[in-house]
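Please read the structure below before turning to the comments.
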Amino acid sequence: IGTCAAGYADCNGVASDGAWARVRAFPGVARARTVILSPTEIQRLLNTSAGTAIGLLIRAALLVGARPPSELAHIRARDFDPATRTLHITRSKTGSRVMSLSAEATAFFAELALGKAPDDLLLTRADGSMWAGTGHQRPVADAAARANLVPGVQHGLRLCAAGVRVFSLCGVGCHLQY
């Protein structure tokens with residue numbers, strides 16, 4: 001296995017990579033925006049998405065810090081163990097892992113798993129199908145807009161999850177009321 005001596009086009013079945021040479025960056029954008037929500041903003045986001053499939057996905061992301069939907073979409077009832085308060089993330093770009101859950105996260109996933117068969121997905125779209133690709137981005141953006149939050153919230157959910165855990169460990173009281 002080696003490199004393709006013939007060049008990009010011959011190796012990739014594309015006539016030319018010249019189009020990439022004409023791509024220009026968005027003005028004033030050097031990297032992705034980092035959005036970290038305050039406890040009040042998190043609560044507003046949860047309130048605007050309450051009772052919806054996207055609300056469950058947002059809450060799960062905030063409680064465990066897993067990537068929505070790539071990691072969260074694949075969680076099945078068998079991946080949650082209430083006895084050990086753990087959640088097995090089976091598909092991830094960093095590999096399979098087991099996460100320890102807070103009491104609040106354990107209660108949340110216990111409610112999701114209630115009455116489910118071991119192979120049933122815990123977090124699905126409203127129609128029961130699996131979250132996939134970027135299908136969560138528009139609903140998260142809509143919920144964020146209804147909560148009067150800045151654009152880009154979906155990229156910051158994992159960062160906010162760390163803050164939620166710190167707040168709860170320090171007794172500050174940032175619980176995800178839903």
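The values are calculated or read from the model by the stated rules, or taken from the named source; none is laboratory data. What you see is a predicted model, and the numbers here were worked out from it, not measured in a lab. Note that we place each Cβ from the backbone using ideal geometry, even for glycine, and neighbour counts take in every protein chain shown. Surface accessibility is based on the protein's heavy atoms, side chains included, excluding ligands, DNA and RNA. Shrake-Rupley method; radii C 1.70, N 1.55, O 1.52, S 1.80 Å.
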Of (1) free of Cβ contacts under 8 Å to residues at least 60 places away in the same chain; (2) open to solvent by less than 10 Å² (accessible area, probe 1.4 Å), Ala66 satisfies all except one. Which? (1)
If we keep only residues of the stretch 32-75 that are over 15 Å from Ala143 (Cα atoms) and among the basic types (Lys, Arg), then the residue farthest from the chain's Cα centre (by Cα) is Arg33
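Can you tell me which of Thr134, Thr106 is out of contact with any strand residue (DSSP E or B) (no Cβ under 7 Å at 6 or more places or on another chain), open to solvent by less than 30 Å² (accessible area, probe 1.4 Å) and of a type in the set (S, T, N, Q)?
Exactly one residue qualifies, and that residue is Thr106.
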Quick one: in the stretch 80-91, of everything that is closer than 19 Å to His136 by Cβ and out of contact with any Lys or Arg (no Cβ under 7 Å at 6 or more places or on another chain), which residue is modelled with the highest pLDDT? Leu87
Reported set for the stretch 97-119 where residues are at pLDDT below 95 and in a loop (DSSP other than H, G, I, E, B) is Leu101, Ser102
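Residues checked against (1) in a loop (DSSP other than H, G, I, E, B); (2) closer than 19 Å to Asp120 by Cβ; (3) touching a residue at least 60 places away in the same chain (Cβ under 8 Å):
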residue: Ile36; (1), (2), (3): yes, no, yes
residue: Leu45; (1), (2), (3): no, no, yes
residue: Ile58; (1), (2), (3): no, no, yes
residue: Ala73; (1), (2), (3): no, yes, no
residue: Thr84; (1), (2), (3): yes, no, no
residue: Arg91; (1), (2), (3): yes, yes, no
residue: Gly95; (1), (2), (3): yes, no, no
